[in-house]
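Notes for the one structure printed next.
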Amino acid sequence: MSASRIVVTGIGASTPIGGTAPESWSALLGGASGARTLEYDWVEKYQLPVTFAAEAIVRPETVLDRPVAKRLDPSAQLALVAAMEAWEDAGSPEVDPDRLGVDFATGIGGFWTLLNAWDTLREKGPRRVMPMTVPMLMPNAAAGNLSLHFNARAFARTVASACASSTESIVNALEHLQDGLADVVIAGGTESVIHPITIAGFASMQALSKRNEDPAEASRPTSVDRDGFVMGEGAAVLILETEEHAKARGARIYATVVGGGVTADSYHITANDPEGLGAARAVRQALEMAGASPDDVTHVNAHATSTPVGDPNEYVALKSVFGSRIDEIPVSATKASTGHLLGGTGALEAIFAILAIRDRQAPPTINVTEQDPEVPFAIDAKPISLGSGDQLAISNSFGFGGHNAVVAFASV
């Protein structure tokens with residue numbers, strides 16, 4: 001493993017609160033909510049118990065050329081839109097294709113393509129199923145298409161670890177760059193599964209908020225009256241590269257990626273460990289790699305999905321690492337604004353953590369009517385100043401299957 005520092009030189013995002021990363025950040029600081037009532041006939045047709053979600057505010061097919069959009073599932077469309085923004089933001093780096101890699105993620109993959117193909121098969125027969133069906137539905141479609149679009153030949157890898165997926169992809173990118181496998185990596189995640197089956201399935205397991213009359217205030221992490229998460233959609237991409245490569249080309253640097261941790265609970269297929277042992281180990285791994293102590297952390301972007309069980313379990317995990325100081329560290333629970341992007345959420349929240357330490361303000365956590373005494377994070381309905389000193393932020397992601405992933409960023 002090399003001693004090279006790894007830096008972030010570009011960011012891009014297509015989210016429920018903005019069509020770009022800067023738009024999403026501005027909306028987040030302003031307390032926006034991306035949750036809206038779903039205007040589709042299938043909501044009433046299937047009598048869904050949840051009638052709202054946080055869809056990407058800009059439809060990707062309106063951004064991409066039509067021939068490109070037609071051969072991509074919506075999840076891959078979103079990934080490409082966010083990646084093109086991030087690449088341009090990074091200055092469209094000139095890099096040997098053999099030294100350019102892709103570490104990408106999704107929780108579910110080409111869900112719409114799969115189910116639309118099934119409908120076509122049943123209604124019109126096998127001859128009408130599109131030849132591109134399998135390449136569009138496979139979970140590695142986003143990574144593969146990004147590799148093709150940017151001529152990335154070092155590798156094109158895919159992580160599918162539920163809601164921890166894209167944070168894990170960033171940790172992988174960090175390690176791959178440190179191992180000398182590439183000079184530049186396109187990392188991130190995507191998800192587009194706002195569909196009657198996923199809504200019905202998550203609602204059946206009592207995971208979704210059912211505040212149908214007030215979608216904008218449905219996601220309320222740490223609030224005593226939280227009742228579940230809000231399904232989100234979107235993609236987020238980071239351009240990571242070695243510091244030597246970035247400086248050689250005069251790139252603007254957002255932050256340094258200083259550490260990452262990936263662990264497993266081995267506790268339950270959907271519930272996280274109530275003692276937070278795996279989550280705490282992931283945080284400690286990230287800090288150890290960063291050469292930092294818990295006292296160095298100035299900001300936390302919490303996973304905080306707004307579920308009755310998940311939020312307290314995350315607090316328990318962080319308290320085991322930070323002790324009583326966790327009640328003082330500025331924390332943001334940004335899913336209150338964006339909803340939960342599943343496999344795309346970690347990369348988006350990583351971008352928010354990076355921008356927080358750049359601008360030295362932690363974004364607000366909206367919709368908290370009364371904070372749960374079992375989850376006494378230091379949150380606020382307005383942005384929180386992080387001060388003028390050196391900044392170290394961590395971003396947490398936890399997923400079904402017992403997956404835990406944490407990434408740490410330092411200011412420059």
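The values are calculated or read from the model by the stated rules, or taken from the named source; none is laboratory data. Note that this is a predicted model, so its numbers are computed, not measured. Here the Cβ is made from the backbone with ideal geometry for all residues, glycine too, and neighbour counts use every protein chain on show.
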(message) Quick check on Ala347: is it within 18 Å of the chain's Cα centre (by Cα), within 19 Å of Leu238 (Cβ to Cβ) and buried (at least 24 other Cβ atoms within 10 Å of the Cβ)?
(response) yes
(request) Sort out which residues of region 288-314 are more than 20 Å from the chain's Cα centre (by Cα), crowded, with 17+ Cβ neighbours inside 10 Å and under 16 Å from Ala405 (Cα atoms), and write them in order of number. (result) Met289, Ala290
(request) Name, by its number, the condition in (1) buried (at least 24 other Cβ atoms within 10 Å of the Cβ); (2) assigned by TED's automatic domain parsing to the domain that holds Ala378 that does not hold for Ala271. (result) (1)
(message) Just the residues that are under 20 Å from Gln47 (Cβ atoms), among the hydrophobic types (A, V, I, L, M, F, W, C) and not in a loop (DSSP other than H, G, I, E, B), please, taken from region 207-230.
(response) Leu208
(request) Consider Asp103 carefully, then state whether it is surrounded by 18 or more Cβ atoms within 10 Å (Cβ to Cβ), of a type in the set (D, E, K, R) and over 13 Å from Met138 (Cβ atoms). (result) yes
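Can we say Thr198 is touching a strand residue (DSSP E or B) at 6+ places or on another chain (Cβ under 9 Å), among the polar types (S, T, N, Q), surrounded by fewer than 24 Cβ atoms within 10 Å (Cβ to Cβ) and assigned to a helix (DSSP H, G or I)?
Judged against the criteria, Thr198 is a match.
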(request) State which residue pairs qualify: first residue more than 16 Å from Phe202 (Cβ to Cβ) and inside region 31-55, second residue β-branched (Val, Ile, Thr) in any location, beta carbons under 7 Å apart, and separation of 6 or more residues or different chains. (result) Gly31/Ile366; Ala32/Ile17; Ser33/Ile366; Gly34/Thr15; Gly34/Ile17; Gly34/Ile57; Gly34/Thr338; Thr37/Thr51
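Among the residues of region 300-346, what is the count of those that are assigned to a loop (DSSP other than H, G, I, E, B), of a type outside the set (A, V, I, L, M) and in contact with a helix residue (DSSP H, G or I) (Cβ under 7 Å, 6 or more places away or on another chain)? It would help to see each step written out before you state the result.
Within region 300-346, the first condition is being assigned to a loop (DSSP other than H, G, I, E, B), and the residues that meet it are 302-309, 328-329, 333-334, 339, 341.
From the residues that got through so far, the ones that are of a type outside the set (A, V, I, L, M) too are 303, 305-308, 328, 334, 339.
Filter once more, so that each one left must be in contact with a helix residue (DSSP H, G or I) (Cβ under 7 Å, 6 or more places away or on another chain): 303, 305-306, 334.
So the count comes out to 4.
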(request) Being among the basic types (Lys, Arg) and more than 17 Å from the chain's Cα centre (by Cα) narrows it down to one of Lys382, Lys335, so name that one. (result) Lys382
(message) So, Thr51, is that one in contact with a strand residue (DSSP E or B) (Cβ under 8 Å, 6 or more places away or on another chain) and under 17 Å from Ile354 (Cα atoms) or not?
(response) no
(request) Identify, by number, the condition in (1) touching an Asp or Glu at 6+ places or on another chain (Cβ under 8 Å); (2) in a loop (DSSP other than H, G, I, E, B) that Gly10 doesn't meet. (result) (2)
(message) So Phe104 ticks every box in (1) under 18 Å from Met132 (Cα atoms); (2) among the hydrophobic types (A, V, I, L, M, F, W, C); (3) within 20 Å of the chain's Cα centre (by Cα) but one. Which box is left unticked?
(response) (1)
(request) For Ala279, indicate whether it is farther than 25 Å from Ala143 by Cα and either in contact with a Ser or Thr (Cβ under 6 Å, 6 or more places away or on another chain) or surrounded by fewer than 20 Cβ atoms within 10 Å (Cβ to Cβ) (or both). (result) no
(request) Looking at (1) charged (D, E, K, R); (2) in contact with a Ser or Thr (Cβ under 9 Å, 6 or more places away or on another chain); (3) without any contact (Cβ under 8 Å) to a residue 60 or more places away in the chain, find the lone condition where Glu168 falls short. (result) (3)
